[in-house]
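Read through the structure below, which is laid out as structure tokens, and then see the notes.
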Amino acid sequence: MAAVASLSFCGITQSSSSGRKIRLPSSSRSLLSDSYAFRVRTSFSLHSIAFPASPSTSRFVVHCMSTGSDPPPPVSETKLKFLSAYKRPIPSIYNTVLQELIVQQHLMKYKKTYRYDPVFALGFVTVYDQLMDGYPSDEDREAIFQAYINALNEDPQQYRADAQKLEAWGREQNASSLVDFSSKAGEVEDALKDIAERAGGNGSFSYSRFFAVGLFRLLELANATDPTILEKLCAALNIDKKSVDRDLDVYRNLLSKLVQAKELLKEYVEREKKKREERTSPQKANEAVTNCLAENLYTRNTHYTNSSKYLACILICVTNFVNYCGDCSPSY
């Protein structure tokens with residue numbers, strides 16, 4: 001059975017043995033003798049359902065008409081598609097982040113006002129690459145990206161290609177040319193004009209944090225450090241600067257902490273790797289045994305746990321664009 005998307009009471013006509021009738025204008029009326037009738041709008045073709053409305057001979061008739069669009073899939077379906085496409089185990093730190101991220105982007109993707117654009121793609125690719133930087137395998141990182149975007153019924157090649165085009169274009173710009181896109185011709189310029197037109201009310205546009213990061217990346221590439229450039233760019237694109245400022249303040253603050261967290265974990269892993277190598281060398285075997293007996297393993301494990309917990313906390317903060325709370329700071 002198809003789900004009912006909306007109800008449209010296009011016409012109601014009632015008659016009974018007393019002869020009482022309720023009529024609506026003929027343009028929206030369904031004439032059915034001794035029956036109740038109204039139209040139900042669903043996602044499939046027109047048909048009728050009839051069943052008794054009362055002990056009398058009256059009938060209840062439902063006319064179903066197509067809306068031309070299917071209802072959005074549930075979040076669970078998107079997550080299942082991702083897990084089905086990429087079946088290899090993902091380290092818990094990154095898996096938690098990916099699960100958070102795919103829920104957020106699912107909700108963005110299936111908003112009625114959503115429409116893909118290259119600035120959004122640049123922002124998402126930037127965030128994804130920063131979050132997944134340091135993943136054990138470059139090949140797996142890209143395979144995860146492919147599975148992730150495909151699960152959202154979008155094209156991962158288009159995301160990568162559009163992000164690369166905007167990055168190449170941004171490197172060729174300066175502060176003034178970046179803002180003056182409306183007076184120029186070109187593939188990127190046309191895309192920015194389309195965004196400005198839709199954001200101005202002539203179409204569908206849905207602002208998101210990824211869009212803000214895309215703008216920030218363009219400013220970085222063009223070396224546009226003057227704060228007024230962002231204000232001018234937002235005005236040219238008909239974007240609310242307050243929303244952009246809010247999201248970018250959180251994003252910039254988290255980036256420095258993300259770098260710090262990854263460095264802490266990397267240093268600890270390298271230190272432990274060096275210790276393991278020393279223990280395996282024959283000439284230092286006795287010394288290694290002595291050190292192991294004397295070493296406080298609990299402290300070592302706590303250091304690793306603190307480092308990984310700190311990194312996981314920062315990754316989640318970046319994913320959700322929330323300020324870091326400070327509760328997970330390493331204590332050593």
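For this structure, a couple of remarks:
- Test: GLN158 is open to solvent by 30 Å² or more (accessible area, probe 1.4 Å), touching a helix residue (DSSP H, G or I) at 6+ places or on another chain (Cβ under 9 Å) and farther than 20 Å from LEU218 by Cβ: no
- Qualifying positions in region 120-151 - assigned to a helix (DSSP H, G or I), closer than 23 Å to VAL259 by Cα, free of Cβ contacts under 8 Å to residues at least 60 places away in the same chain and open to solvent by 30 Å² or more (accessible area, probe 1.4 Å): ASP129, ASP138, GLU139, ARG141, GLU142
- Cross-chain or 6+ apart pairs with Cβ under 6 Å, region 243-268 first and among the acidic types (Asp, Glu), then in a helix (DSSP H, G or I): ASP247/ARG209; ASP247/ALA212
Residue by residue, here is whether (1) surrounded by 14 or more Cβ atoms within 10 Å (Cβ to Cβ); (2) of a type outside the set (Asp, Glu) holds:
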position	(1), (2)
ASN153	no, yes
ASP162	yes, no
GLN173	yes, yes
LYS193	yes, yes
ARG198	yes, yes
LEU215	yes, yes
LEU233	yes, yes
ALA236	yes, yes
ASP249	no, no
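- Of all residues in region 195-226, exactly one satisfies the criterion of being in a loop (DSSP other than H, G, I, E, B) and within 11 Å of GLU167 (Cα to Cα), namely ALA222.
- Output for region 165-206, where each listed residue is more than 13 Å from ALA235 (Cα to Cα) and touching a residue at least 60 places away in the same chain (Cβ under 8 Å): VAL188, ALA191, ASP194, ARG198, GLY203, SER204, PHE205, SER206
- Of the criteria (1) open to solvent by 50 Å² or more (accessible area, probe 1.4 Å); (2) more than 27 Å from VAL188 (Cβ to Cβ), which one TYR86 fails: (1)
- Only one entry in LEU107, LEU98 is within 30 Å of ILE239 (Cα to Cα) and buried (at least 18 other Cβ atoms within 10 Å of the Cβ), namely LEU98.
The values are calculated or read from the model by the stated rules, or taken from the named source; none is laboratory data. Predicted model, so just to flag it, every value in this text is computed and none were measured. Counting neighbours? That spans all protein chains shown, and the Cβs are built from the backbone with ideal geometry, glycine included. Heavy atoms of the whole protein, side chains included, go into the accessibility calculation; ligands, DNA and RNA do not. Shrake-Rupley method; radii C 1.70, N 1.55, O 1.52, S 1.80 Å.
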